[in-house]
1. Under 9 Å by Cβ, and 6 or more places apart or on different chains, what pairs join a residue from the range 41-52 that is free of Cβ contacts under 8 Å to residues at least 24 places away in the same chain with one that is of a type in the set (Phe, Trp, Tyr)?
2. Are any residues in the range 27-43 assigned to a strand (DSSP E or B) and more than 9 Å from the ligand (Cβ to nearest atom), and if so, which ones?
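None of the figures in this text is laboratory data; all of them are computed from the coordinates on show. This structure is a prediction, so every number in the text was calculated from the model and none was measured. We place every Cβ from the backbone using ideal geometry, glycine too, and count neighbours over all the protein chains shown.
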Amino acid sequence: MPASTRGEVHHLRAVGAPRRKATSLDCPSCGSSHVAQVLGDNGGVSYVCTACGHIWS
Ligand SMILES: [Zn+2]
């Protein structure tokens, strides 16, 4: 059991720890904050609510 591995893992976890931000992206349909950003056909950005499936841009 290499002790160094634990240190590296801990380091990676510290750097890559997801920091949940308060975004302004809320689903206009259901109000959920579970919103994913997707690329549209025109190269634009659309948003899809993973809670209710509503898509808007
Ligand atoms: Zn929704």
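1. Close Cβ pairs (under 9 Å, with a partner that is of a type in the set (Phe, Trp, Tyr)) amount to Ser46/Trp56; Tyr47/Trp56; Val48/Trp56; Cys49/Trp56.
2. Scanning the range 27-43 gives Ala36, Gln37, Val38, Leu39.
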